[in-house]
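**Q** Here you go, one structure.
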Amino acid sequence: MHERVHHLGDKESLFREALATVASDMMTGNLAVVETSLGIGAAADPESALHDAARQLLHRCCDQRSWALRRLLYAEINQFPDLLEVVWGHGASRLREALADRLARLSLACHLDTPDPSEAAEQFLALLTGPMEARSHLGTKAVDEQELDRVARTTVRRTFLMAYGRRD
C-alpha cells in the first residue's frame with residue numbers, strides 16, 4: 001500500500017509539473033505579445049497598438065492548446081484545487097503586471113488616462129477573454145477571424161478607450 005501511495009504522489013507531481021510547464025510556455029508567448037505590440041512604437045498610434053495586442057491575445061486565448069489546458073483545469077480543479085494557482089496564479093499576475101506597465105507608459109505619454117493601470121489591465125483582459133467561452137462553446141467551436149477581430153476592435157474602441165482614452 002505504501003508503494004502505491006508513493007507512486008500516486010509521483011504522478012500528481014508529474015501532472016502538476018506538466019501543467020505548469022505548458023502554462024509557463026503559453027504565458028511567455030502572451031508576455032511577448034504585450035512587449036511587442038505595446039512596446040516602444042505604441043505611443044505613435046495607441047489605438048492600433050492596443051488593437052494589435054488584443055487581436056493577438058485573443059488568438060492565443062482561442063487556440064486549441066489554450067482551450068485544452070483550461071478544459072483540463074476545469075475537469076481536475078475539484079480533485080486538485082491547487083492547480084488554479086499552478087496554472088494561473090503566477091502567469092495571470094505576470095501578464096496583468098506587464099500590461100499594466102505598458103498602459104501606465106501610455107498614460108505618462110498622455111495617450112490614456114488610467115489612474116489605476118493594474119485595474120485597467122485586468123479589465124482589458126476580461127473584456128477580451130470573457131466572451132470567448134460562450135462564443136466558442138468552451139473551445140469546441142472555432143471562432144472565425146472576423147469575430148476575433150470584431151471582439152478585439154470592440155474591446156479597444158467601444159469599451160476600453162471610452163473608459164480610459166484621453167478627453168482633452
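**Q** For all pairs of alpha-carbon atoms in the chain, what percent lies in each bin of width 10 Å, listed from the first bin to the last filled one?
**A** All Cα pairs considered, the percentages come to 10, 35, 31, 15, 6, 2, 0, 0.
**Q** Let me ask something else about it. Considering the alpha-carbon set of region 86-168 alone, what are its Rg and its Dmax in angstrom?
**A** 14.3, 44
**Q** Amide H neighbours of GLY165 under 5 Å, counting only residues 5+ apart in sequence or on other chains, H built in-plane at 1.01 Å?
**A** Here the answer is ASP113, since their amide H atoms fall under 5 Å of that of GLY165.
**Q** Okay, moving on. Quick check: the angle from helix 64-76's long axis to the longest principal axis of the chain, C-alpha only, nearest 10 degrees?
**A** Tilt of helix 64-76: around 50 degrees.
**Q** May I ask for the distance between the Cα centers of region 118-138 and region 64-92, given as a whole number of Å?
**A** Rounded to whole Å, the Cα centres lie 16 Å apart.
**Q** Could I ask something else about it? Work out from phi, with θ = phi - 60° and the Karplus expression 6.51 cos²θ - 1.76 cosθ + 1.60, the ³J(HN,Hα) of each residue of region 138-148, listed in order in whole Hz, and give x for Gly and Pro.
**A** Each residue's phi maps through the Karplus curve to give 6, x, 8, 10, 5, 9, 6, 4, 5, 5, 4 Hz.
**Q** Given the options GLY139, ALA120, SER24, identify the residue whose Cα lies farthest towards the positive end of the charge dipole of the chain (+1 on Cβ of Lys, Arg; -1 on Cβ of Asp, Glu).
**A** Farthest towards the positive pole: GLY139.
**Q** Return one whole number: the accessible area per residue of the chain in Å², for a 1.4 Å probe.
**A** On the way: 9810 Å² over 168 residues.
The answer is 58 Å² per residue.
**Q** Here is a follow-up. So how tilted is helix 2-37 from the main axis of the chain? Cα-based, degrees 0 to 90, rounded to 10.
**A** 10
The values are calculated or read from the model by the stated rules, or taken from the named source; none is laboratory data. Since the model is a prediction, treat every value here as computed from it, not as a measurement. With ideal geometry, Cβ positions are generated from the backbone for all residues, glycine too; neighbour counts draw on all protein chains shown. Each accessible area value is taken on the protein alone, full model and side chains, heavy atoms only, with ligands, DNA and RNA left out. Shrake-Rupley method; radii C 1.70, N 1.55, O 1.52, S 1.80 Å.
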